[in-house]
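Read the structure below first, then the notes.
The values are calculated or read from the model by the stated rules, or taken from the named source; none is laboratory data. Keep in mind it's a predicted model, so treat the numbers as computed, not measured. So basically every Cβ, Gly included, is an ideal-geometry build from the backbone, and we count neighbours across all protein chains shown.
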Amino acid sequence: RKEVEQDPGPFNVPEGATVAFNCTYSNSASQSFFWYRQDCRKEPKLLMSVYSSGNEDGRFTAQLNRASQYISLLIRDSKLSDSATYLCVVISSGGYNKLIFGAGTRLAVHP
Amino acid sequence: ETGVTQSPTHLIKTRGQQVTLRCSSQSGHNTVSWYQQALGQGPQFIFQYYREEENGRGNFPPRFSGLQFPNYSSELNVNALELDDSALYLCASSLVGTGNTGELFFGEGSRLTVL
């Protein structure tokens, strides 16, 4: 079983739609959680951290459920520029910045 | 731009050959990590260097080795290349030596094709 699992998609949505991505992780000792974004043939970039209380950054909302070991990302009012692969990322215990990435969920926003 | 530069950007090798990939980290960053990203997959952690010492390693065989230099630049060496080594190799630098900030600054990667 992979440490971080995501629905690979692709999600094809029209502009303005709301879309939600889910992610589960297997290591209950995992300490920190993030969403990264990766554009086609480019490097991953940090989108946002994920906190137990939930957090929002503009049109993006991230949620963490430690009991279910489940992370989500909600994108409201999708834009064409949101088309990318969204990577769920977990840091397990260990004391150093070892990021464990999911395989990513591809989003395609169309006019 | 992240300030992390990698070279070469693309290269083609044959099975059994050796390859060296290079990375210059962002100014002031003392930690560098290497990741392998196969097509359609997320990046997989290879190892991390902090102050010229390896301080973490993923599930990769010993033929994957690395170095970090006093100026914090780094190399990834892969010996006895196999077809499955074909991937995008990403270097990432970070500001602190240890800790869980989660923010890595990635270079654009070196795309290796093994024939």
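Structure above, values below:
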quantity	calculated
Meets criteria (surrounded by 12 or more Cβ atoms within 10 Å (Cβ to Cβ) and part of a loop (DSSP other than H, G, I, E, B)) for A:SER68	no
Residue within the stretch B:84-107 that is over 17 Å from B:PRO8 (Cα atoms), modelled with pLDDT of 90 or more and more than 13 Å from the chain's Cα centre (by Cα) present	yes
Selection count where residues are closer than 28 Å to B:SER33 by Cα, more than 14 Å from chain B (Cβ to nearest Cβ) and part of a strand (DSSP E or B), scope the stretch A:43-56	0
Members of the stretch A:21-62 found to be more than 19 Å from A:GLY9 (Cβ to Cβ) and loosely packed, with under 13 Cβ neighbours inside 10 Å, listed by number	A:SER28, A:ALA29, A:TYR51, A:SER52, A:SER53, A:GLU56, A:ASP57, A:GLY58
Restricting the stretch A:13-42 to residues that are closer than 27 Å to B:GLU108 by Cα and assigned to a loop (DSSP other than H, G, I, E, B), the residue that is modelled with the lowest pLDDT	A:ARG41
Any hit, the stretch B:19-36, residues being surrounded by fewer than 12 Cβ atoms within 10 Å (Cβ to Cβ) and either among the basic types (Lys, Arg) or in contact with a Lys or Arg (Cβ under 7 Å, 6 or more places away or on another chain) (or both)	no
Wholly within the stretch B:1-64, strands (runs of 3 or more DSSP E) carrying at least 1 residues that are within 13 Å of chain A (Cβ to nearest Cβ) and among the small types (Gly, Ala, Ser)	B:31-37, B:53-57
